[in-house]
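In what follows, a single structure is set out as structure tokens and then discussed.
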Amino acid sequence: MIVVFVLGYAAIAMEHTIRVDKAATALLTGVITWTILVFGVSEILNVDAGMSVNAILDQGGEILKNLRHFLFENPSDDPLETPSILNHFVVHELRHHLIEISEILFFLLGAMTIVELIDAHEGFSVITKRIHTRDKVKLMWILCVIAFFFSAALDNLTTAIVMAAFIKKLIGEIKNQWLFGGIIIIAANAGGAWSPIGDVTTIMLWISGQVTAYNIIVSVFTPSVICLLAPLLVITFTMKGVVNPPEDDIDGDHLGEPRKVEKNIVFILGVASLLFVPIFKTVTHLPPFMGILFGLGFLWLVTEIMHRDKGRDEKVNRTVVGVIRKIDVPSVLFFLGILAAVGSLQSAGHLSYLAEFLDEQVGNIFVINLIIGVLSSIVDNVPLVAAAQGMYEIAPSGPYMVDGTFWKFLAYCSGTGGSCLIIGSAAGVAMMGILRIDFFWYLKKISLLAFIGYIAGALFFILVN
């Protein structure tokens, strides 16, 4: 499984070299790793097919925790039969991961459609026309500050989608789009790390009770600011020149410019729909994708009514029916494949082994979290944080207590470390798909800047704690 994952990861990284779309590689990697798991589950989990269910329940170890939980919910006195119970366990695990993955995919689809709908009505011109500077450095600072605070209010994935739309409206050259997109990934991840609703891992720690909202903001805000400031300062002293605006959109001219009132209505309702998501989640306790689908449905209804008396071309291209055709489906499928592959490694116990290894061989809580942050740029940060939550219980005092040093530093590291590689965070994957950023270009131009920011913020946190 590890070999297949590594080979798949390498093929994704060399997408432009081997000329195979990363979505195809990710889907194959996800399916093959789960296939290996289902055929070799007894060997992978080191479970004898002749063991009784009670014997499994009595067996210790973090690796078998999911299997024991499954067997406890499905009691049986018979010895294990690989074609039945163990295979059902793998299918159960796959469905469990599919629920989490589907939530992300539906959220992604909803957010991307809302952004495309705003763009179809030229709603982003409400902001872009107020940004007059063409100086690279000034524009970089403006967009990064917007992304930093926008990510805290929404989350880093939604922010990446919105900021990618801004970039395409403000910047014409592809390489400049990539440069701004790369730094904005750092800004979005840094902004999400200090907010209890800004990153999925911070949400996990907040909901599970390891941190409280006020303390995570107070403790992680300054390291997150430093994480962004360090690469921005490097860019400030090394980057010169101006950016050229993109050429006019031919399709937009063909359809005619939307009325000002339509621009404003769709822009305000679109942004309100995005901002409504964390409120919806807090009030209803339903997953965020339900909030984004509510916003999409409402905006869909408004635009259908708005354009119901217009010509067919304008109506189709300025309502969800037409806009949804512009959604980058390969990027969505890439998400599906890579998250499924990581889920298979989690169910097979590889990430638990990793957590145990770090605990036994490293020990130091700061070093453990720093390593988790770097690893989150290779595999998804969610299972890594989940493994850490399973390894350490909340203590009445010390670094593992509520709002303890370990948990707050884990929120920072897992939230910002993923910026070191473009496929290490949801924001990076979204930006990669929308702007078609090359993996190796990001590795050469952005990864070191992201690592400098990551270490700078981490050192500040360690010094004050």
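Where a number appears in this text, it was derived from the coordinates with a stated rule and is not lab data. Quick caveat: nothing in here was measured; it's all calculated off a predicted structure. Counting neighbours? That spans all protein chains shown, and the Cβs are built from the backbone with ideal geometry, glycine included.
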Nearest 10 degrees, 0 to 90: helix 22-39 Cα axis against the chain principal axis: 20
MRE, 222 nm, helices only [DSSP H, n ≥ 4, -39500 (n - 2.57), over the chain, to nearest 500]: -23000 deg cm²/dmol
0 to 90° range, to nearest 10: angle between helix 213-238 axis and the chain longest Cα axis: 60
When segment 313-406 is reduced to its Cα atoms, the Kirkwood hydrodynamic radius in Å: 16.1
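So for the chain, Kirkwood radius off the Cα pairs, Stokes-Einstein at 37 °C and 0.692 mPa s: how many µm² s⁻¹?
On the way: Rh = 23.3 Å.
The estimated diffusion coefficient comes to 141 µm²/s.
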Kirkwood hydrodynamic radius over Cα pairs of segment 203-355, then Stokes diffusion coefficient at 37 °C and 0.692 mPa s, in µm²/s: 159
Burial order of peptide ranges 202-212, 351-361, 105-115 (average beta-carbon count within 10 Å, highest first): 105-115, 202-212, 351-361
Cα extents of segment 103-329 along the three principal axes, largest first (Å): 55, 48, 29
Listed peptides 173-184, 7-18 by packing density, highest first (mean Cβ within 10 Å): 173-184, 7-18
Long-range HN-HN contacts of M401 with modeled amide H, under 5 Å: A395
Rounded to 10°, Cα long-axis angle of helix 288-306 versus longest principal axis of the chain: 30
